Every structure is written in structure tokens, then in C-alpha cells.
There are 4 protein chains.
Amino acid sequence: MEALVYQGHGKKAVEDRPMPEVKAYTDAIVKVLKTTICGTDLHILKGDVPTCEPGRILGHEGVGMVETIGAGVTAVKPGDHVLISCITSCGKCDYCRKGMYSHCTTGGWILGNRIDGTQTEYVRIPHADTSLYRVPPGADEEALVMLSDILPTGFECGVLNGKITPGDTVAIVGSGPIGLAALLTAQFYSPAEIIMVDMDDNRLEVAKRLGATAAVSNRDGKAVDKVMQMTGGGVDCAIEAVGVPATFLVCEDIVAPGGTIANIGVHGVKVDLHLERLWAHNVTITTRLVDTVTTPMLLKTVQSRKIDPKQLITHRFTLDQILDAYDTFGKAAHTKALKVIINAA
Amino acid sequence: MEALVYQGHGKKAVEDRPMPEVKAYTDAIVKVLKTTICGTDLHILKGDVPTCEPGRILGHEGVGMVETIGAGVTAVKPGDHVLISCITSCGKCDYCRKGMYSHCTTGGWILGNRIDGTQTEYVRIPHADTSLYRVPPGADEEALVMLSDILPTGFECGVLNGKITPGDTVAIVGSGPIGLAALLTAQFYSPAEIIMVDMDDNRLEVAKRLGATAAVSNRDGKAVDKVMQMTGGGVDCAIEAVGVPATFLVCEDIVAPGGTIANIGVHGVKVDLHLERLWAHNVTITTRLVDTVTTPMLLKTVQSRKIDPKQLITHRFTLDQILDAYDTFGKAAHTKALKVIINAA
Amino acid sequence: MEALVYQGHGKKAVEDRPMPEVKAYTDAIVKVLKTTICGTDLHILKGDVPTCEPGRILGHEGVGMVETIGAGVTAVKPGDHVLISCITSCGKCDYCRKGMYSHCTTGGWILGNRIDGTQTEYVRIPHADTSLYRVPPGADEEALVMLSDILPTGFECGVLNGKITPGDTVAIVGSGPIGLAALLTAQFYSPAEIIMVDMDDNRLEVAKRLGATAAVSNRDGKAVDKVMQMTGGGVDCAIEAVGVPATFLVCEDIVAPGGTIANIGVHGVKVDLHLERLWAHNVTITTRLVDTVTTPMLLKTVQSRKIDPKQLITHRFTLDQILDAYDTFGKAAHTKALKVIINAA
Amino acid sequence: MEALVYQGHGKKAVEDRPMPEVKAYTDAIVKVLKTTICGTDLHILKGDVPTCEPGRILGHEGVGMVETIGAGVTAVKPGDHVLISCITSCGKCDYCRKGMYSHCTTGGWILGNRIDGTQTEYVRIPHADTSLYRVPPGADEEALVMLSDILPTGFECGVLNGKITPGDTVAIVGSGPIGLAALLTAQFYSPAEIIMVDMDDNRLEVAKRLGATAAVSNRDGKAVDKVMQMTGGGVDCAIEAVGVPATFLVCEDIVAPGGTIANIGVHGVKVDLHLERLWAHNVTITTRLVDTVTTPMLLKTVQSRKIDPKQLITHRFTLDQILDAYDTFGKAAHTKALKVIINAA
């Protein structure tokens, strides 16, 4: 089968690979129908993710059809259409039992990282009963691809950790796909204001279309001043959706006393935490690798049309165009790509 | 009347001052019975607190008797013995209405800072109805002095923010008075382990007497290793009770995935936040200036003997010995002082 | 001044009354601009509310302009337009300090009950600083009348107590003004389904227009069967918005294991609680007299257009037409009245 | 093997039964070391539990040693000493994933009810990975038998649902084993007062020894008056630990405004809920079949000696004395039995 394979720092290729097989009684083999590319895949290609070794099939998102199952799988059966979670969860370990699937002792983020992923035709899913979700009848499968990773990430790490409540003032720093996922799901809680901060005017335009009440460009480095002026003293919740020190500092500067900074960004270096000021500001700072514990809830919100994740999809490719898809996604500032769909079957 | 007055950087003196008078409808004049000295008073003397100007009577803790009240005061009357909260709260502003008294728009920490304080014979208490608490009949007033500041601080900023639950593993970094207050109140929630970290062997001994299940010296700089080994992977809650970068870093290093760092310490400089590691650890970091919103709850726990705050008192003085009291408190490493009681009447 | 006065069981009249005066330093006299009639006013007229004695000016809702203030009032000043809360809160007592204003020891629901109310030209508001809310600039004052009682009641007693979260299935039993207020505010949290149950087809039609995803008539007594079938096993949250045993029983029958019954209705008699079945269903049942603690939050949601409370207003009158207004409101099944606005100035 | 078998209404006998065998991948066969008798077993014998058919081996509590495991079991291995949870949990279904194991679609309370139980020599445990807990090294296995059912039941249904916090006033109505389990675990949260209500003086004596701050006899029917007088207006949390209307009514009568009634009792008939009074009291009423989701937490509290569950054990028997054990446990008023240990190996 055709697969997009990481070949070491900066290198990737489409290779022909053998079909995966059931190895454990809890495994399922899933025929990939639709997948996508994540910012994390680009990080892997840059060599930033040491757990991912050359030879790995990338991809941790997708919708597929169950092909075969191990003897212990009871929740899905061959022929079922399923959503593949980016997080593998055993359902048994201490972490899984407390809903922290990201730290599952035999799972977590392994797909397209420690084991072969979804940017191919078939994928082996360990702990299938607790890592796959049946697609509801009549669902738009393209939209559901957004539920593998990006929507639960924006929702859990940004919105839930940010404790957004009706009437709140929220700022989301970073208007890329993940910031926009936070923007979409923040609206579940009816905040009064959602201020989007970014450097890219196109992305700010998209944010306005997706529900932002204000868009603030930080190209002049004055986003903090603007947000402070608009809010008269800061925001209840600042969501960091980039992953660099500068954007985290913006969050420190705009969070109001009693507020929350919810970090989503994947950081490569430390940041300055200005405790000499914040110690007395009654703030909460949270970090989180997505647990995908809210996937069942998100499926309900999509099915009841409380949210339309398709709004994040800008481009569509077939699996044999996947190198083009990477190219388009990688040059997002130029192509205006947000999420790209790769039809694998 | 006799008063301990801040005279500018490094200087203090006992001065004769006029009696305070009711200025607003909601004021009360309280005759000070017992007061104490706080680490923050030492900070003021070092010049670290710019809001506190020379000429100020210091002190924000104490128990007293109401002498006179403004026309609008209804909750206390002359003759009532009262606990003086270190935080002044109007009960009306948005912050007060949501329990964040520390940020009261006409109060907060003003006593012995922006207005004259308690290290004297009489003190004016603004917003008396919502800043004084009647002493329960039969209460030990010396013990209650610990409820003005140190116990609610340890409890709210450390224990409540740290979300300690039964069976948890807790580390408290800093075994001074505030760390010990966290230690005492952490036991309200029956954690399995409370590991105390400090450099001072005497304070670690005291911690063990007050309920620590383990005491770890960091004089060799190996506290992190020791705690990680004892806990097999970190603590559910790390409480920072010093206020310097090194101790905050210890907290970052020992907090387990899913855990909380609850900062109590007053920080003078920024710290490094290692988001390049913590971004995926699902941790929560909190800061807080004490709100004293739990004072009624703490009074009940003292009255029902769930806690004995007197254990924190090591020395006793009269008001005319207050310079000695400062000396003893200031040289705590030598005198083994924790909290000192100053009998003002 | 003209006032609608309760004259004992079944009797009311428009009387000429003297202007109210400031009695306490925390009082304000408010010129009533707009008021309304509440179902509770009808209860008083039926003699169901023994605390309300003949001679009382009725009404506990409204928007007005501050005329004069007592010496201790600081949050509002003459000329300010204000929202009058149906709950009077001192801001000082134990209940107020924990946000349970409904049980304020010198307040609670007293307006138009134990003291004269708002269905007149001027009203005395005790504890003005903590019982009035300034009208935001540019606000629609007619819409804000809904924030005196009905919206916080539906929101606090129904939606917040019902712990509604995104994707939930909710049923609201009773589609009168209070059930519709719950319907409007439930949508703050993006439930997947909101099923409205009533006997009155007109009110069910209104409910659909206001956001219900399904409307179930109980005229055939089969609402329980229908809801169970629609939901495949019951609802996450059942809100009781009538106040009689039959509707509470519907809630007991449709709540799913793990769900919540949030009672809003004012009950006159006991109900059967089927613990022989519910003991093992992990359900929560809540009761609440509105605290109006969410008024600031609700003001923000109205100002940011997350909700349009004007949708509840069906009729408008002037103060001298107030007897007509009562007639219209009292015959709601016939007049299709929901909330009526009475313009007093 | 020897087994205590339910033989239909009122009848039980010791029978010889074949060893159980692994039927599913996820089963384990556990050699029973220690078991006990639960009040629910007596209910079964009275014919109150229709799901339990004649021929069933009773018992849903115990500590044992794993004998054999199915191919899919990974968390325990032969030779491991394990605590057997009274609740079987698959770890996969929607209920298990949200921590509501009591309603597991293929588990819940099935042991000694729908499938053979623990009052024998060997027992088959389905979903072994998520229904057994390894005994910590050095643990007192007799004490751990209390963690199969009675301690998590008292803790989850009574204490956690009752939201007990430091300084609270608590009443526990019913001082039998389950009420005492609530008493022991309530102390995790340092309430100021725990008032125990019962008719049996011996059990009230035991309650005092186990930490009750007051014991109130209801033999004169005046418990409500006494509790109201002692508390000056009611309790923050009333725990129902009997399961009859009279005791639930006591809870309704003693709960303070803002308080909680946490039901533990297994009820056979409906109760009167006095909503005509409680509708405005801001109370919460909860029901729950134990989920045993806190078993890991409780194991930590036992291991760290925050609680000593052995205090509940009054009698000890061997398996061949099990009929005597039932006799002793059944006549508790006479024998003063609380929990009896049956040593099966």
C-alpha cells in the first residue's frame, strides 16, 4: 500500500508498504478513508520529535472503515465507519481511568510517531475499543476528520482549561488551525468577546468569519496595548495557540486578575514567567496534551449542528497527491491553507 | 499612642501617634489586643513595597476590641472582640462579589501598607462589617492572630489552589511560617504524603512535628532527586512557599503529569517556565494574593479543634518590646522564631 | 403616586400612595421607568404568600432611575439608570458572602412582598449598592426588565443547577415565561437537544421559535413515553418549570442515570420522590430560590447579543392601564401573554 | 468447592460447586482469601432483589489471589493478591469512560447477583483488569475487605456527593456499617461537627469511638429537634444511611438552606419530598449506586493510615462457619455485629 514515510530530518517520501496486521487481541485494522496533515507532522519533519524515527508512516488523524479486528475487540466490527483518535487509550491504566488518556501508559500520542500512522491506506489501531469512535449515521465524514485532533485540542487545552463561561472576555493568541479550533469551540459557552490575535491578515479575516468579535494584528507589536484598551483591563481567558515565548508573553500581559492562561502551543524553549507581577494577580496557567476525552461530546455537538468543523477545511487532495498536500499545507501563509483533506479511498 | 512606624528604607522606630478616628460611615476603630509581625513587614523595611510610604504604622494582623463604629456599621459593635483580616473588603465591588477580596477596588491589602496598621494601640478599619470577624465565645485569641493572614494565605493560595484531595502526594517547598501554615491546613484534606523541603534543619524538624510525613533538606541541592525517588514520579501538588526562582524551579521539576503548582511566595523577579517540557504534562500553575474569603471556614476549624494554629507561635512580647520582637523575628534562622505574638493591651 | 396595591385574598386596586423616603443610609429611592408582572404576583393575589400582607404595593421587577440616595450609597448616584433586582442583598451577611443572596438575613425576596414594590412610580430599594445594577450605556431597557427576575431564575435555578454542558440532552417541563427563560439561557451552553414539554400548543410554538429542538405536548399524558423514545433512555437534565406534582413526576421519569432534575417551580404541596427506583440512578435534584448572583454575567450576555430577552415580551401597557395588564397576564392561555411591560414613566 | 448459595425467598445453604473457569479473554479466576456479608445479601434473601435468582453463589466483596487469567488480562497475573470490587467495570462503555462504573453496560453490580459471587473458594471476575485492584505490599488484607463495597459506598454516595468541606456541620442518619463507613471517610475533609443519628445506643457508642462529635438517639422521635437545636438551624450535609422514608424525612427536616442530602440507603418504597418548603431552600439531593471509582484513592488513604477500616470488623469466621456468620450478622442488634470477616482460605 501507498504511504507517506518520514525519512529523517527534512525528508519524506511516498513508499510502498505492506498491509498492517492485527498484533494484539485489542487491535483493529482500519482502512483509511480520509486523513489530513497536522502542524505536528511538520515538526517531525524538522526533526523536532525525537520519538519519531525514520521509516515511520506519518499521520494521526482520520476517518476510516474497520477492516479486521482482534479477538478482544467488542465496540467496533468490520464494516463500521470510525473516527480515529490521535490519542490511543487503553482504558485500563491509572491515567486512562482518570480521563488523562494523553498519558496512557501503553498509548498516548503514538500514532504516526512511535507506531505507523494514517497517511496511508490501512492503519493498525491498538486499543481499538477505546481509541476509535463509531461515525454516527448520516455524519459528514470530512467534518469528522477535524475531530481526530484539532477540535478536541482546541477545546480541551484551550476552552475547557480556560474555564470559559457566558459573558467572558476571551483572547486567542494565534489564528492558525488550532487557534481557530479554539475559536469555534469557545462559542459553545457564549463568551461576550472573543478577540483573535495574529500577524497574518488572512487568518484574522477567517477568524472574523468564524465568530471572532474582534481581530487584532500584532504586526506592529502593539497587540497587548490594543487588547488592554479594548477590554479595559485584560481578558478573563487568554489562550496561547502558537507555541513561542513571544505569544506566551502576550498572554501574560493581557490576562486580567482572576483570569486564566490556557496554553495549547507546542513549545520548543522555555518562557519567562513574570511572577514578580503575576504572583498577586490570582491567575491560573494550564498546559495540556489533548486527551480526546471529549470526543463523544464533540460528536454530539457536530451532529446537532452546534458547530461546523468543515469551515476549517480549505483544500482537498487524493492520497497520491499527498506530497502536493504537504506543500500546500507547509506554505500556508502563501496558500491560505488551514486544514487539508486527503482522500485515501 | 505608641506605634511601630516605617521611616524609609531600612528604618523603623516606635513613635507616639494620635488616636485614629472614624472617617467614613463604614469605619470602625479597634483597640489592638494582640498583633504580630509578618515577613511582608520585613519586605517593606527593605524597601521592596513602593506602595508603603515612610510614616506608615506597620502591621496587618491582629485581634482587638471594637472601640467605636461609624453610623453604617451593623455587624460589630463597641466591646466586640474581633479578628482583623489582613485584607480589607468592601463587599460591594465586582471583585468582592465574586470572592476575590484581594482585588477589592477600595480595599485589598491596604492595612499597614497604604493606611496605618495594627502594630500600635488603636487602628482604623475601613469597611468594618466585611473586614472584621467576631471572635467566637471562648476562643483562644492568640491562636486567632494566625487567622489574620498566615493561615488563610497558606490555605487559599497553597491548599485550595493546589486542589489537594485525600490520598494525594503533596510537597511544600519552604518550611517557614507560610509553608507551615500550608502544612497545617493541607491536613484538612487527608493527603497521603506531605513532603516538606527546606534548607534549615530546625524548620524541617518543626514540620515533622506539625504533620509532615517526610522532610527533605535541599542544602545539597538534591531535593528534586530525593522527592522524585520517594514519590516514584512526582507529586500531585507542589506548593511554592518561598518566592525565589530556585524554589519555583524545584516545583516545576517535581510536579507529576496532571499535577498542580500552587504559588504562595512573593516573587521579586521573573522565573523560567519550562514549557518545552511542561506543555504536554497537563499541569496547572496558580498564583494568588490571599482573599481571606475562607476566614469563616477557618474559624470553624479552629473552634472545632481540627487545627491548632498556636503551634506556629514561638515567642511573645509586649508592645513596648516590639523592636526586640522585630529583631527576634528578623533573625529567625538563629532564634528559631516562627510567629511572634505582640501583646498590645 | 399611583400604585397597584394588594388588598387581601383575591383583591387588588390602584391606590394613591405617598412617595417613599430614604430610611437607612444604604437606601435609594428609584423612579420606576418600566416594570412587569410576575406569576408570583398572581400567587400573592390568591393568598398563597402569607408574608405579603394587605396594603402592600406589589412588583419586584423593573428598570428605573435613581432619584435620591442614602448617605452610605456609593455604587449608584441620582440620575443613574438602574436595573432593580428582585432579590435584595446586603453584601455583608454569611449568605450574601457566599453568593446565596436569596437568603440574605436582611434582604432576600422582600420587594413587593415584605416591603412595597415596583408597580408604582417610585420605590425604596434597601441595600441599594448591592441590589441595583447600573444599566450599561445604550442598553435596551425593556429587555433588561427581564433581568430583574425571570432570566436569572431560569438561568440559576434551571440551567446552572442543571449543569448543562455542550452536547447534552435537556428537557424543560413547562413552557411558560420561566420555562422559556430557562430555554433561552440553556442555549449559552450549546446542548444538543432541548425538548420542551407543555399542554399549551401556543407556548410550544413559541418555544420552537426561541430555540427548542423539539416540542412535546403532554395533553395526552404521554410526554414521558415520547421523551424516552426521542432520547433513547432519558435526558441529562430535566428542568421543572411549573411547580405541581405531576410535572415533577415527569422529570423523575425522564431523567437518565447520572442526570439532574433542576426544580424552578414554586410548589404548594409535597411530591412523591420515587427513591425505590432513583436511589441507584446517580441522579441529582436541586431546588433554589433565585439569588440573582449572575446578574452581572447576564448583563454581559445581553449587551453582547448572546441572548435577546425581548422575545419574552408580548404586551405593553402604561401604569394607569395596570389592571388591564393584570387581566391580560392572568388569562395567558387566552391572550397568549408571556411577559407584559408596564411603562411607569 | 464450598459455596453459600441463595435458594429462593428466605433460603440459603452451603453447597458443593464446581470450580469456575475463564469464559472470556478478560476474565480472571480468583481464589478467595477473605470475604464478608453485606446488608444487600440479607435483602436478596428476603426476596427484594429480583435480578438475583435461586442457585446463585452470594457475595460481592473480598480479597483474593489471582489463580488464572484470560488471554487479554494484562493488569494482574497469577499469584497477585487483589481486592475484588463489588462493581464490575469494562472500562470501555460510555458509563465507564465517565467514571460511572455502577452503570457499566456489561458490568455494574453483577457479582453475587447476576453471576456467582465471592462467598466461596474461587470466583470468576469478568473485566478483571478494571475490576480488580492489586493489594499494595504490606497491606492488611482484612482491612482491605472493607474497600470492596462499604467504604467506597459511604465515601462516594455519602461524603463526595455530600460535598463535605472543612468546618462543615454534617449529620449521618443511620449508624449501621454503611453510616459508619460514611463517618470514617467524612473525616477526610475535616468537618467541624459530625452528628450521628440512630435508634441503637450501641451503634451510637461505636460512632463516638469512630469520630462522631455528637450522637443523637431517635428512639423518642425527637432527633430533628435535637439536631436543629445543636446546630442552630440545620446541617450543611445530611447523609441518609438507612433506606426508609422516616430517615429520609429526618434529612429533609435538618438540612440547612444551601445544604445537601446525600442518599446512600437502598429504598424499597417512595418517600415524600416536601417541595412546598424545600423549593426555596437551595438544597441538593443526590442518589448513587457506588461506582468504586475512588478505590485507588481509598487504597492510598488506608496505606498512609489516614483511616483504619478494621474498626468496622467485629467478628471473624471461617468459610465453613458461614451460616453462623450470617446468623451473627443478621442479628446485629443483639450481637452488636458490624462487619464480619469470613476467612475462605
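Could you please give the count of residues in the range B:131-150 that are within 24 Å of B:Asp41 (Cβ to Cβ) and outside any loop (DSSP other than H, G, I, E, B)? Within the range B:131-150, residues that are within 24 Å of B:Asp41 (Cβ to Cβ) and outside any loop (DSSP other than H, G, I, E, B) number 8.
B:Val73: open to solvent by 10 Å² or more (accessible area, probe 1.4 Å) and modelled with pLDDT of 95 or more, yes or no? In short, yes.
Any idea which residue in the range B:75-100 is farthest from A:Ala280 (Cα to Cα), counting only those that are in contact with a strand residue (DSSP E or B) (Cβ under 9 Å, 6 or more places away or on another chain) and touching a residue at least 60 places away in the same chain (Cβ under 8 Å)?
So the residue we want is B:His81.
The set of residues from the range B:55-99 being polar (S, T, N, Q) and under 20 Å from C:Cys93 (Cβ atoms) comprises B:Thr74, B:Ser85, B:Thr88, B:Ser89.
Within the range C:78-101, the residues that satisfy the criterion of being more than 26 Å from C:Met65 (Cβ to Cβ) and more than 10 Å from chain B (Cβ to nearest Cβ) are C:Tyr95, C:Met100. Is there a residue being open to solvent by less than 30 Å² (accessible area, probe 1.4 Å), within 14 Å of chain C (Cβ to nearest Cβ) and part of a strand (DSSP E or B) anywhere in the range B:7-15? Within the range B:7-15, none of the residues are open to solvent by less than 30 Å² (accessible area, probe 1.4 Å), within 14 Å of chain C (Cβ to nearest Cβ) and part of a strand (DSSP E or B). Kindly establish whether D:Thr318 is touching a strand residue (DSSP E or B) at 6+ places or on another chain (Cβ under 7 Å) and touching a residue at least 24 places away in the same chain (Cβ under 8 Å). Yes; evaluated as a whole, the condition is true for this residue. Filtering the range A:129-146 for residues that are within 14 Å of chain C (Cβ to nearest Cβ) and without any contact (Cβ under 8 Å) to a residue 24 or more places away in the chain leaves a non-empty set. Residues of the range A:159-216 that are charged (D, E, K, R) and out of contact with any Pro (no Cβ under 6 Å at 6 or more places or on another chain): A:Lys163, A:Glu193, A:Asp198, A:Asp200, A:Asp201, A:Arg203, A:Glu205, A:Lys208, A:Arg209.
Out of all the residues in the range C:77-113, which are part of a strand (DSSP E or B) and either open to solvent by 10 Å² or more (accessible area, probe 1.4 Å) or farther than 20 Å from D:Gly259 by Cβ (or both)?
Within the range C:77-113, C:His81, C:Val82, C:Leu83, C:Ile84, C:Thr88, C:Leu111 qualify.
Listed by position, the strands (runs of 3 or more DSSP E) enclosed by the range D:266-326 that each have at least 2 residues that are within 9 Å of another protein chain (Cβ to nearest Cβ) and either open to solvent by 10 Å² or more (accessible area, probe 1.4 Å) or modelled with pLDDT of 95 or more (or both) are D:271-273, D:284-286. Candidates are the residues of the range A:327-337 that are open to solvent by 10 Å² or more (accessible area, probe 1.4 Å) and outside any helix (DSSP H, G or I); the one that is farthest from A:Thr40 (Cα to Cα) is A:Lys336. When restricted to residues that are among the basic types (Lys, Arg) and under 15 Å from B:Val123 (Cβ atoms), the range B:1-26 contains 2.
For the range C:101-123, check the following and say yes or no: at least one residue is of a type in the set (Lys, Arg), out of contact with any Ser or Thr (no Cβ under 7 Å at 6 or more places or on another chain) and in contact (Cβ under 8 Å) with a residue 60 or more places away in the chain. No, the range C:101-123 contains no residue that is of a type in the set (Lys, Arg), out of contact with any Ser or Thr (no Cβ under 7 Å at 6 or more places or on another chain) and in contact (Cβ under 8 Å) with a residue 60 or more places away in the chain. For the subset of the range D:16-53 comprising residues that are of a type in the set (Val, Ile, Thr) and assigned to a strand (DSSP E or B), which member is farthest from D:His315 (Cα to Cα)? Per the stated criteria, the residue is D:Ile29. Residue-level check: of (1) in contact (Cβ under 8 Å) with a residue 12 or more places away in the chain; (2) not in a strand (DSSP E or B), B:Val63 misses just (2).
Considering C:Ile341, C:Ile261, which residue is more than 27 Å from C:Lys31 (Cα to Cα), within 19 Å of the chain's Cα centre (by Cα) and in a strand (DSSP E or B)?
It is C:Ile261.
Quick check: anything in the range C:41-55 of a type in the set (Lys, Arg), more than 22 Å from C:Val293 (Cα to Cα) and open to solvent by 10 Å² or more (accessible area, probe 1.4 Å)? Checked against the condition, which is being of a type in the set (Lys, Arg), more than 22 Å from C:Val293 (Cα to Cα) and open to solvent by 10 Å² or more (accessible area, probe 1.4 Å), the range C:41-55 yields at least one hit.
The values are calculated or read from the model by the stated rules, or taken from the named source; none is laboratory data. Since the structure is predicted, the reported quantities are computational estimates derived from the model, not experimental observations. A quick note on method: Cβ atoms are made from the backbone with ideal geometry, for glycine too, and the neighbour counts reach across all protein chains shown. Please note that ligands, DNA and RNA were not included when accessible areas were found on the heavy atoms of the full protein model with its side chains. Shrake-Rupley method; radii C 1.70, N 1.55, O 1.52, S 1.80 Å.
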